[in-house]
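A.B. asks: Take a look at the following structure, please.
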Amino acid sequence: MQVSAIIAAGGRGRRMNSSISKQFLNIKGHPILYYTLKKFEKMDKIKSIVLVTGADDLDYTREEIIKRYKFKKIRLVEGGKERQDSVYNGLRELSPQTDIVVIHDGVRPFVPVNIIEKSITAAAKYKAVGVAVPVKDTIKVVDKNHTIKNTPDRKTLWAMQTPQSFTYDIIMRAYEIAMRDGFYGTDDTVLVERLGLPVKIIEGAYENIKITTPEDIVFAETFISLGYGDYRR
């Protein structure tokens, strides 16, 4: 089975109030992106990695991430304006002989390897798979005036994460149709949902956070110190 990963790393870090892209911020001596790529690089099941980043960050990524840390599986691709544009660029770099595509956020460095493996196995069986966790909080639906309209049953609500894994033919078709229609979704699974196809959910891990705000850096440093996400010191 030919499995490839697409790592989306085109964020600019506006919510970080940082002058550098958030995937390059340092945590315990290494950039965030290093931890993410290391996880996928060491997996025998994943034969190739397409790393998509912004045009302004291509040279830095090539020199300070790929060459510096001697990653062997990575092909660097220029991203687009939105995440969806970037992932689409990555998809077009894959061989049509690819069986499974694993799409992951570059700033989610703590996803456990066993979760990635489960998503690959599930994608081979179900064709389209998202990783998610049950929500812990009560969720309210509000109107434009911030008045509560209803309270969904918490047992039916899951918070989406990545990786999201698919057979190549399904995710490529979903992206091509979305791009043709000018539709932009908030994640990859919603593009498959538009095709009327089922998406299987497998349970992820609460430590699989997306590092987005300054507070997340503190959490990330603590997670590495405690060995979360398969990191042991």
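A.B. asks: If only one of Ile170, Ile116 is among the aliphatic types (A, V, I, L, M), at pLDDT 95 or above and touching a Pro at 6+ places or on another chain (Cβ under 6 Å), which one is it?
C.D. replies: The conditions single out Ile116.
A.B. asks: Output the residues belonging to the stretch 200-233 that are surrounded by fewer than 16 Cβ atoms within 10 Å (Cβ to Cβ), basic (Lys, Arg) and touching a residue at least 24 places away in the same chain (Cβ under 8 Å).
C.D. replies: Lys200
A.B. asks: Being in contact (Cβ under 8 Å) with a residue 60 or more places away in the chain, assigned to a helix (DSSP H, G or I) and over 24 Å from Ile217 (Cβ atoms) is the filter here; which residues of the stretch 61-84 pass it?
C.D. replies: Scanning the stretch 61-84 gives a single hit, Gln84.
A.B. asks: Out of Leu33, Leu37, I need the residue that is in a helix (DSSP H, G or I), closer than 14 Å to Ile211 by Cα and touching a residue at least 12 places away in the same chain (Cβ under 8 Å). Which one?
C.D. replies: Leu33
A.B. asks: Now for a separate question. Identify, from the list Val101, Val133, Val107, the residue that is within 27 Å of Gly182 (Cβ to Cβ), in contact (Cβ under 8 Å) with a residue 40 or more places away in the chain and touching a Phe, Trp or Tyr at 6+ places or on another chain (Cβ under 9 Å).
C.D. replies: Val101
A.B. asks: Would you mind stating whether Gln97 is under 30 Å from Lys125 (Cβ atoms) and in a helix (DSSP H, G or I)?
C.D. replies: In short, no.
A.B. asks: Six or more apart or on different chains, Cβ atoms under 8 Å: show the pairs whose first residue is in the stretch 172-199 and in contact (Cβ under 8 Å) with a residue 40 or more places away in the chain and farther than 22 Å from Ile120 by Cα and whose second is in a loop (DSSP other than H, G, I, E, B) and among the aromatic types (Phe, Trp, Tyr).
C.D. replies: Ala178/Tyr184
A.B. asks: Then there's this: Considering the stretch 178-210 alone, what residues qualify as being small (Gly, Ala, Ser) and in a loop (DSSP other than H, G, I, E, B)?
C.D. replies: Answer for the stretch 178-210, where residues must be small (Gly, Ala, Ser) and in a loop (DSSP other than H, G, I, E, B): Gly182, Gly185, Gly196, Gly204, Ala205.
The values are calculated or read from the model by the stated rules, or taken from the named source; none is laboratory data. Everything numeric here is computed off the predicted structure, so don't read it as measured data. Every residue, glycine as well, gets a Cβ built from its backbone with ideal geometry; the counts of neighbours run over all protein chains shown.
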